[in-house]
Amino acid sequence: MGFSTPTGASLVPTSTKWYSLVVVPRTANASPGLAEALKQAGVVARWRKDDTVEIAGTPFTVKQLKVVRETDAVLLAHFHETNTGPPTIIVADRISEAARADLSRVGLAWLDRRGHLWIRTEGLFVNADVPPSVVAPSRRVVEVLSGTGLDVALALLRSPYEPHGVHELAREINRSPGRVSEILSALRSQGLVGTENRPVVPELFWAVSEEWKPRWTPMSSPPPPEPPERYRLSGTLGALALAVPLVVGAEGTWPRLYVADDVDLATVLSAYGAGSGWTGSEVAVCPSRFGFTWGSTTRRDGYLVANHLVVALDLAQDRARGHEVLESWDPEGFPRVW
């Protein structure tokens, strides 16, 4: 059984011997961000030189990168498995969720400077949240994947293989060109947008899924699908309408509905908000204004169904079953970006 430190690091024995972890002072040559992360996780760190650190008796080569995407991690993992060399710890401003899994799978240690450290070596296992050490972005782009940022991301993912101009995107999502330009620059710096503002897939999709946080409110009964433009059907019924390969049927399933804004939400809840009973129906404001207005033409039970991307993002919130479903779904007439 492992033990948890106050910072959340897990210390796990790999033999009958336990290691006593006592933090030692870092040197002036310590890699920016990594030394503090090790200290916060309660891990011994003896720096030999700028790119070599000894952890629990094992020397690690420190490899610093800007961004590690899934495609980058696949190459790093392959090189690690096919070449003999010293253990390596990857330090990057951003490591995507899929990239983290690939690095961890082959035993490559990593620090995502947004705030997570993963190391496995003889006598030590660390999987800890640590204080972020990335350079703070400007105030205008602190929450890049919210509001306008989500609109920009969904518009890019809608046409992932086409170039996108700033003014073209601004017209499409009905946002200001200046704000769109800021968002694109922020996404580019995070390795989520490439040349000609083409999205990096699937990394951008999974980054959006991490920030896709609708606040669902229960209803006592599902509202009638009138007016039709008020609702977008998602959830299980929306997925079935778009031919998502689910193993469940529609029988006994209640609608999950998006509305455009807080005004519509209040209108619906005033008439159908859950009191003492809840049928299973839920309603939420769509996290992306553009994601709501860009609806599909498919209907089910009178409701307009949300577009493929919104339905996919909802499925992605289930890290087990939802991810498995997405792996087997190739939507008709829509490019797969996950």
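All of the numbers you see were taken from the coordinates with simple rules; none came from a lab. Not measured: the values here are computed from a predicted model. We place every Cβ from the backbone using ideal geometry, glycine too, and count neighbours over all the protein chains shown.
When Cα Rg over 2.2 N^0.38 Å is computed from the coordinates, the matching label among (i) 1.05; (ii) 1.15; (iii) 0.98 is (ii). When only alpha carbons are used to place a centre, region 56-87 and region 266-338 end up 38 Å from one another.
Among 220-227, 288-295, the peptide with the highest mean count of other Cβ atoms within 10 Å heads the list, and the full ranking is 288-295, 220-227.
Run the numbers on the chain and let me know its relative contact order in percent, using alpha-carbon pairs under 8 Å that are six or more apart.
13
Can you give me the distance in nm between label points at residue 330 and residue 83, each placed 7 Å from the Cα along the Cα-to-Cβ direction? In this crude spin-label approximation the distance works out to 3.4 nm.
What ranking of 231, 161 emerges when the number of other C-beta atoms within 10 Å of each C-beta is taken as an exposure proxy, fewest first?
Ordered from fewest to most neighbouring Cβ atoms within 10 Å, 231, 161 come out as 161, 231.
Straight Cα distances below 14 angstrom link residue 39 to the aspartates and glutamates 54, 129, with same-chain residues fewer than 8 positions distant left out.
Ranked by the mean number of other Cβ atoms within 10 Å of their residues, highest first, the peptides 296-305, 162-171 fall in the order 296-305, 162-171. Ordering of 239-246, 144-151 by packing is 144-151, 239-246, highest average first (other Cβ atoms within 10 Å, averaged per residue). A Förster distance of 35 Å, applied to the separation of the beta-carbon atoms of residue 262 and residue 297, puts the FRET efficiency at 0.85.
Residue exposure proxy: 247, 283, 263, ordered by other Cβ atoms within 10 angstrom of their Cβ from fewest to most, comes out as 247, 263, 283.
For region 323-332, the Karplus equation 6.51 cos²θ - 1.76 cosθ + 1.60, evaluated at θ = phi - 60°, returns couplings of 5, 5, 5, 4, 4, 9, 9, 10, x, 6 Hz by residue, with Gly and Pro reported as x.
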